[in-house]
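A short write-up of the structure that comes next.
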2 protein chains.
Amino acid sequence: MNIRHLTFRLLQVYVAVVRAGSISEAARRLHLTQPTVSQQLRRLAETVGEPLLESRQGRLVTTEAGGELYRASREVLVRFDDVEDYLASLRGGERGRCSIALVNTAQYVLPRLLGPYSRAFPEVDLTLHIGNRRQVLTRFERQDDDLYVFSHPPSLAHARAGRFLRNPLVVVAPRDHPLAGCEQVAMSELLGERFLLREPGSATRMLFESWLQEQGLTLGPTLQMASNEAIRVGVASRMGLAVLSEHVLPPEHSDLVILPVAGLPIESHWQFIVRRDRRLPHAALGLLRFAAGHLSECVEQRFLSNELEELLAGLGSAPSAG
Amino acid sequence: MNIRHLTFRLLQVYVAVVRAGSISEAARRLHLTQPTVSQQLRRLAETVGEPLLESRQGRLVTTEAGGELYRASREVLVRFDDVEDYLASLRGGERGRCSIALVNTAQYVLPRLLGPYSRAFPEVDLTLHIGNRRQVLTRFERQDDDLYVFSHPPSLAHARAGRFLRNPLVVVAPRDHPLAGCEQVAMSELLGERFLLREPGSATRMLFESWLQEQGLTLGPTLQMASNEAIRVGVASRMGLAVLSEHVLPPEHSDLVILPVAGLPIESHWQFIVRRDRRLPHAALGLLRFAAGHLSECVEQRFLSNELEELLAGLGSAPSAG
DNA sequence: GCCCATCATAGATAATCATCTATGGTGCAT
DNA sequence: ATGCACCATAGATGATTATCTATGATGGGC
């Protein structure tokens, strides 16, 4: 039996014939002519090398070999129906996998979105990679993931972006800081104090530094800590001041205060970034759709800034068009 | 996904590519050129409507859709390997079904052959139909069975025959019959006695009657009974005499004697008959082979008359040639 | 004995498959 | 930067598939 030229179509026809018990009847059901079905059947029998059907009082019934082929054909066709279902669910974004790389600060808020999403689409296998801006950028360049979350996007030549969340950077101080409670503070008043900074690859640091540069200011003593958590605790322990995303602060931060520095908060936005040159998996598309529709239920209203619909519109028909 | 033009070959190639993790490597293993495999892959991806593979650090790995297709393909190919095994075992005669129609008298001896055969090939599904000559002939004409056992074959225009067992017909009488123990008896001496005969469709009766005709003899009173068993018991009970196959007599028949009638036994042979116009199932062929080889171990030597090898030789290469 | 339905065969054709050779782009490793 | 391995694309070709129409054979029912 030479399996090479066996077509699924052939099996479909064969199964129909066995079910109908008649070539002509099968032909009618399949909207084919009777000779077509006859010939298909002959070819199949030749491939198998055994007679498949025999006539028993007017009805075609399978031979031993034909019966086995029938069983196998049915199983195989059912298996491929399953594949079709699976593909359909992939396309609907109900299943599949989606890998997201996000910058450190976003890890404080993204779970609010991903939690409900995961409950809605439990068959989607989500992977999160968390790093600072530079690390996420590297992943972007290596095309490691399907979605990227930056507050400052890479060159848009190779990417599309859609903002979805405000990310205000504020100055935090210990609760008992002398300037806590003031109406307004000038940054220059704070430059004598030590600032706790993230590592150089961090977006928070980058934004803060470029803001300072715009203002023509220079920091005094600094201390570098590679984690927002560490910095937050450090500030609470009076090691110094820091500029942090508001999202990093716990809802009740009794040991910290936000200083109302003039010109702050530094406004930035987190954005979902997708590569232009890479086809977006259906699951990732589904996640973006979910975010576009449900973000407002997941995060505080004051942070909302949902421009995902625009991103989706751009992706919809031409996933990889430039 | 249009399944119609999906070939098993295509799935084989796809599976090879996934296993190799490389198109070129798969091509080498399949003894194909690289572009061939590339193109097959493209066609498969088009049929499915999804990308199937993506490059991950130099190795091709499946996408979500590709993984599902790979699993399904493997299962399907394995299933058809099973079909091949099954066909091989069918062809070897180790499995399958075989329907045999046999004349009444043969039922006393055929089980001696079929018992060992069944133990040797337990996967073969044997069906026996037992009737008198006329009934078996009808089955033969309707092509109901694979093998037929007659003592007198039908026209050999549509059949091949192979003798395998002597079937001597003898006159039986009650143990205390006046002529029991004689050296030689003439049939004419017996014509005044009542003979117990089988029904008209019976071969035993037919052979007896044509023998009588040859001898120019005519029976006296008769009594018809449609069963060899009934006739045997009838003779033992002194209802009359009878002509029966020796095989019908139990090994120890203390209440019956065989009268040494001149010109008897009537010699006939049971034969396996196969239709020329019908392909013999492998299992039936296997049974004939088994019979050819093992008959001598199954029946008494004096009945042996095995010409099945000749029948098999005729069947071997051209099962349906005239 | 004739008719109807069923199946088989033959011949035709457009589509498709399964391959090849030749060539061009990309990216990693020297 | 040079080369090698890998993949993709293009174009060609013979085999096979999938389908048809037309016609012949067969077998059961009135």
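The values are calculated or read from the model by the stated rules, or taken from the named source; none is laboratory data. Since the model is a prediction, treat every value here as computed from it, not as a measurement. FYI the Cβ positions are ideal-geometry reconstructions off the backbone, even for glycines, and counts take in every protein chain you see.
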message = When you check residue B:105 against the structure, is it more than 12 Å from every other protein chain (Cβ to nearest Cβ), touching a strand residue (DSSP E or B) at 6+ places or on another chain (Cβ under 6 Å) and farther than 20 Å from residue B:285 by Cα, yes or no?
response = yes
message = Which numbered condition in (1) farther than 23 Å from residue B:2 by Cα; (2) within 11 Å of chain B (Cβ to nearest Cβ); (3) in contact (Cβ under 8 Å) with a residue 40 or more places away in the chain is the only one that residue A:61 fails?
response = (2)
key: region A:195-208, residues that are under 28 Å from residue A:254 (Cα atoms) and surrounded by fewer than 16 Cβ atoms within 10 Å (Cβ to Cβ)   = A:199
request  = Determine whether residue B:52 is more than 10 Å from every other protein chain (Cβ to nearest Cβ), within 12 Å of DNA strand C (Cβ to nearest atom) and either over 28 Å from residue A:30 (Cβ atoms) or not polar (S, T, N, Q) (or both).
outcome  = no
task = Kindly indicate the residue of region A:7-21 that is out of contact with any Lys or Arg (no Cβ under 7 Å at 6 or more places or on another chain) and more than 7 Å from DNA strand D (Cβ to nearest atom) and also nearest to the other protein chains (Cβ to nearest Cβ) among those meeting that condition.
result = A:12
inquiry  = Test of understanding: among A:6, A:44, A:10, which residue is within 22 Å of residue B:11 (Cβ to Cβ), touching a strand residue (DSSP E or B) at 6+ places or on another chain (Cβ under 9 Å), more than 8 Å from DNA strand C (Cβ to nearest atom) and among the aliphatic types (A, V, I, L, M)?
reply    = A:6
message = Looking at B:4, B:19, B:29 in this structure, which one is within 27 Å of residue A:278 (Cβ to Cβ) and surrounded by fewer than 20 Cβ atoms within 10 Å (Cβ to Cβ)?
response = B:19
task = Assess whether residue B:141 counts as being more than 22 Å from residue B:266 (Cβ to Cβ) and of a type in the set (Asp, Glu).
result = yes
task = Give region B:183-214 a look and list any residue that's within 37 Å of the chain's Cα centre (by Cα) and part of a helix (DSSP H, G or I), or say none.
result = B:203, B:204, B:205, B:206, B:207, B:208, B:209, B:210, B:211, B:212, B:213, B:214
task = Output the number of residues of region B:64-81 satisfying the condition of being more than 7 Å from chain A (Cβ to nearest Cβ) and closer than 30 Å to residue B:289 by Cβ.
result = 1
query = Which condition number in (1) touching a residue at least 24 places away in the same chain (Cβ under 8 Å); (2) assigned by TED's automatic domain parsing to the domain that holds residue A:300; (3) more than 22 Å from residue A:97 (Cα to Cα) is the one that residue A:155 fails?
reply = (1)
query = Looking at (1) surrounded by fewer than 16 Cβ atoms within 10 Å (Cβ to Cβ); (2) more than 16 Å from DNA strand D (Cβ to nearest atom); (3) more than 34 Å from the chain's Cα centre (by Cα); (4) farther than 20 Å from residue B:3 by Cβ, which is the one condition that is false for residue A:115?
reply = (3)
